[in-house]
Amino acid sequence: MSLLRTVLNTSVIIHPPGFYIIGFQSFPYISVYMIFLTFVYMVTLVFNGLLIYIISSNHCLHTPKFLAVVNLAVIDIILNTSTIPSMIKSFLFKNNFIPFNPCLVQMYVYYTFAALESYALAILAYDRFIAICLPLRQNSFNTLPIMSCMIGLIWAYNLLLSVYTISIMTRLSYCNSVRVFSYFCDYAPVFRLACNDYTLQWSVASTASMVNLMGPFTFILLSYTSILVTVFRMKSVSSRLKALATCIEHLILVAVFFIPIFIIFLMGLYVRSIDPDQRVLSLSLASCIPPCINPIVYSLKTKEIKTRALALVQRMKTSP
């Protein structure tokens with residue numbers, strides 16, 4: 001087997017040709033699950049693509065809120081594209097080898113857009129916070145230029161952070177196993193295969209994960225605390241219900257994204273023995289399902305989107 005050798009700090013670093021993805025070793029229904037994920041991926045592409053088209057083609061939807069929705073839809077498409085096609089190749093077509101450099105690229109794309117997903121939900125929380133708590137400042141604090149700037153800065157931060165996070169993986173030497181027990185070229189399962197010290201990689205991964213998950217989640221929590229305080233100060237019950245109704249779709253997205261992650265994390269802390277296949281299955285579902293559900297929730301729960309989606313379907317039916 002040919003090996004790519006580079007020299008770093010006088011130590012020989014061995015990079016293998018690639019890795020073998022070996023999750024779901026004893027899962028009996030892997031073919032059925034891959035067919036299900038194919039359906040999930042198609043729904044992700046179609047509904048998020050439809051959402052982007054409806055918003056971009058209707059000038060009246062060119063508002064900060066719907067710019068944030070488009071941002072989430074783009075992230076959803078790229079996030080599922082980073083894993084589901086390779087999972088189908090590995091587990092349905094039994095071609096589970098991934099070359100070293102494409103492995104790093106997959107890591108980079110997945111972790112960048114998984115982080116962007118949590119920040120996108122925080123941006124939507126900001127939109128709701130301004131709309132409900134500071135309605136008179138809406139035109140000052142929540143404009144299209146401000147929303148574009150926020151989204152651009154968050155993208156730049158995550159893209160650059162992931163460059164460093166993934167680049168330090170090239171400092172590791174892989175001289176033993178190249179079998180990655182996960183559903184894709186996952187960061188932690190890969191660095192644990194290294195035969196030299198991976199303390200730096202572990203520290204960076206742990207810190208980045210905590211910041212990119214708990215930072216947005218804390219902001220969302222504080223935003224909704226402020227929203228609830230503002231809502232319960234309203235004198236009219238109908239005003240309270242109307243304000244809370246505008247938050248329902250976002251709260252569903254937050255629950256769908258964060259609850260599975262926290263459950264898996266707590267199980268890892270407190271459940272001593274977890275079946276490896278069940279863990280991989282849980283992680284893959286927690287990763288792949290939210291990008292599929294997000295556009296459906298917005299299409300059904302947001303009046304502006306639902307109205308224009310129905311109008312689009314009606315035009316398609318009546319067109320020759």
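Worth a mention:
- The residues in segment 253-277 that are surrounded by fewer than 17 Cβ atoms within 10 Å (Cβ to Cβ), modelled with pLDDT of 85 or more and of a type outside the set (G, A, S) can be counted, and the count is 3.
- Pairs, first more than 15 Å from V69 (Cβ to Cβ) in segment 300-313, second at pLDDT 80 or above, C-beta under 9 Å, six or more apart: L312/L50; L312/Y53; L312/I54; L312/S57
- Segment 189-214 - residue that is within 18 Å of the chain's Cα centre (by Cα) and in contact (Cβ under 8 Å) with a residue 60 or more places away in the chain and, of those, nearest to M150 (Cα to Cα): N212
- Leading residue by the ranking (farthest from D186 (Cα to Cα)) among those in segment 38-89 that are buried (at least 17 other Cβ atoms within 10 Å of the Cβ) and of a type in the set (D, E, K, R): K65
- Of the residues F19, F27, the single one that is over 23 Å from the mean Cα position of the chain (by Cα), modelled with pLDDT of 95 or more and buried (at least 16 other Cβ atoms within 10 Å of the Cβ) is F19.
- When S177, S90, S162 are checked against the criterion of being over 23 Å from N294 (Cα atoms), in a loop (DSSP other than H, G, I, E, B) and either touching a strand residue (DSSP E or B) at 6+ places or on another chain (Cβ under 8 Å) or not aromatic (F, W, Y) (or both), a single residue qualifies: S177.
- Residue within segment 115-124 that is farther than 30 Å from R240 by Cα, assigned to a helix (DSSP H, G or I), of a type outside the set (D, E, K, R) and at pLDDT 95 or above present: yes
- The numbered conditions (1) crowded, with 16+ Cβ neighbours inside 10 Å; (2) assigned to a helix (DSSP H, G or I); (3) touching a residue at least 40 places away in the same chain (Cβ under 8 Å) are all true for I14 except (2).
- Screening segment 219-258 for residues that are part of a loop (DSSP other than H, G, I, E, B) and hydroxyl-bearing (S, T, Y) and picking the one that is farthest from K306 (Cα to Cα) gives S236.
- When segment 181-192 is filtered for residues that are assigned to a loop (DSSP other than H, G, I, E, B) and surrounded by 19 or more Cβ atoms within 10 Å (Cβ to Cβ), the ones remaining, listed by number, are F181, S182, Y183, F184, C185, D186.
The values are calculated or read from the model by the stated rules, or taken from the named source; none is laboratory data. Because the structure is predicted, anything quoted here is derived from the model rather than measured. Methodologically, a virtual Cβ is constructed for each residue, glycine included, from the backbone with ideal geometry; neighbour enumeration extends over all protein chains shown.
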